[in-house]
Amino acid sequence: MRCHKGRPSRRVFLLFLIKSSGINAEYGVMCRFKSYRSVMDAKNDKHERIVKISRDITIASKRIIFGLHRILPDNTKEHEGILNEAEGKLTALKAQFVKIGEELKGEDVYSFHRAFTNGVQEFIEAATFHHGLKTLTIPSISHLQDQYMGSTCPLLLTDYLQGLADLTGELMRMCICFCSRGGPERGHQLRELLYQVNSALTMVEPLPKMKQKMEVMGQSLGKCERANYTASVRSAEVLG
């Protein structure tokens, strides 16, 4: 087979080189692709295992958040027990983060980030919600890493910030609950805590994924303001 200029085509030339060198081209290509397949299968299996662990963390974190919403103005005697129960469940999740850390050992964390980011964000929301109700402060990223996650599973700043943004919705619900059920003082404290989160996040350069969450955070802050205002007016009317 020749090209239009009379010279051997590139394909013919390559085949001649392969045959003259005694290389079995088909066998070499098949072996190479089999090795690629093994690598890809191992990576996909690891990704699925991490996704399953992350899903378990998400479910457990949501249950912790639902449990913390049992804290109401009229059951103050149960508050400590509810917080201690949540603390125990948060600590128990460390075993799941250790599993993720083992899967990520020797791997590029960012290539598997999408597999575990949802679980980590939900956990951050639950852990900061618990810490906020207990101390009226926001825990640092290093505190959460050392206290609950250990050194094997990475806690990326982007996951921490997005978890904090999600926290504002839970603070808003709790604030409205206290303001509407006779606990305005606690409602004011939760509003101030929400202000702290809002101030901290607005100082950070916004991430593309944070745009919608920042808008929701602003709406939550407005709802807290209205709930606190209504509670204050009612208290003034009662005292008047």
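The values are calculated or read from the model by the stated rules, or taken from the named source; none is laboratory data. Just so it is clear, the structure is predicted and the values come from calculations on it, not from any experiment. Please note: Cβ atoms are built from the backbone with ideal geometry, for glycine as well, and neighbour counts cover all protein chains shown. Please note that ligands, DNA and RNA were not included when accessible areas were found on the heavy atoms of the full protein model with its side chains. Shrake-Rupley method; radii C 1.70, N 1.55, O 1.52, S 1.80 Å.
Here is a yes/no grid of residues against (1) more than 14 Å from residue 170 (Cβ to Cβ); (2) touching a Cys at 6+ places or on another chain (Cβ under 9 Å); (3) surrounded by 13 or more Cβ atoms within 10 Å (Cβ to Cβ):
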| site | (1), (2), (3) |
| --- | --- |
| 66 | no, no, no |
| 105 | yes, no, no |
| 135 | yes, no, no |
| 139 | yes, no, yes |
Boolean, residue 175 is farther than 22 Å from residue 211 by Cα and modelled with pLDDT of 90 or more | yes
Flag for residue 231 being open to solvent by less than 20 Å² (accessible area, probe 1.4 Å), small (Gly, Ala, Ser) and in a helix (DSSP H, G or I) | yes
Among 127, 92, which is within 18 Å of the chain's Cα centre (by Cα), at pLDDT 90 or above and within 23 Å of residue 221 (Cβ to Cβ)?
-> 127
Exactly one condition in (1) in contact with a Gly (Cβ under 6 Å, 6 or more places away or on another chain); (2) at positive phi is not met by residue 106; state its number.
-> (1)
When (1) under 18 Å from the mean Cα position of the chain (by Cα); (2) free of Cβ contacts under 8 Å to residues at least 12 places away in the same chain are applied to residue 100, the one that fails is (2)
Only unsatisfied item for residue 151, checking (1) modelled with pLDDT under 90; (2) on the phi > 0 side of the Ramachandran plot, is (2)
So how many residues does segment 75-105 have that are part of a helix (DSSP H, G or I) and more than 16 Å from residue 55 (Cα to Cα)?
-> 16
Please go through segment 110-125 and pick out each residue that is of a type in the set (Gly, Ala, Ser) and surrounded by fewer than 18 Cβ atoms within 10 Å (Cβ to Cβ).
-> 111
Within segment 203-228, how many residues turn out to be closer than 17 Å to residue 163 by Cα, at pLDDT 85 or above and open to solvent by less than 90 Å² (accessible area, probe 1.4 Å)?
-> 7
So which residues in segment 170-205 are within 22 Å of residue 75 (Cα to Cα), within 20 Å of the chain's Cα centre (by Cα) and of a type in the set (Gly, Ala, Ser), if there are any at all?
-> none
